[in-house]
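**Student:** Can you read through this structure? Questions will come right after.
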Amino acid sequence: MPRFDQPLGRSAIVKALGRVEQLVLGEIQNLSNGHTQVRLSQPIAYASPVMIDFDDERLPGEVVYCEKKQADWLVGIRIEQLLFGLANLSSILNLSLED
C-alpha cells in the first residue's frame, strides 16, 4: 500500500456495513501502511466493517477508534486492502459484456 505521511484532505464516502448501513461523507486526514484516519460528521461504532471510497480507490477496513474532535469525529480505520483503478476495471468489464 502506498505510504502517505502528510495529511491528504481528500473527500471520501464512508459506508458502515452492519445490521444498519450508514453512509457518511468525510475527509481523509491521513493514510499510511494499513491505516487511515477520516474526519466525519457522525460517529461509526468500534469494530464496524467499513468501505471507504475516494478518487478511484476503495479501501475495505474496520473501525479501530472513534473520538469526538470539536464538532466532528475522527475515525481510525485498519485497512485490509487497497483496490484502485476501479474506473478502468469497470470499462474493461463493460466492453467484455458488450461482446
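**Student:** Need the full-extension length gain, residue 47 to residue 78, defined as separation in residues times 0.36 nm minus the C-alpha distance. One decimal, nm.
**Tutor:** 10.2 nm
**Student:** Express in nm, to one decimal, how much length is gained between residue 55 and residue 23 on full extension, taking 0.36 nm for each residue of separation and deducting their alpha carbon distance.
**Tutor:** Between residue 55 and residue 23, full extension yields an extra 9.9 nm.
**Student:** Under a Cβ-Cβ cut-off of 15 Å, what is the net charge of the residues other than residue 53 that fall near it, where Lys and Arg count +1 and Asp and Glu count -1?
**Tutor:** On the way: positive: 10, 15, 58; negative: 21, 27, 55, 56, 57, 80.
Value of the local net charge: -3.
**Student:** Near the amide H of residue 10, under 5 Å away, which other amide H atoms are found, from residues 5 or more places off or on another chain, if H is placed in the peptide plane?
**Tutor:** Here 28 satisfy the definition.
Just so you know, all these numbers are worked out from the coordinates, no wet-lab data involved. Everything numeric here is computed off the predicted structure, so don't read it as measured data. Glycine also receives a Cβ, built like all others from the backbone with ideal geometry; neighbour counts cover every protein chain displayed.
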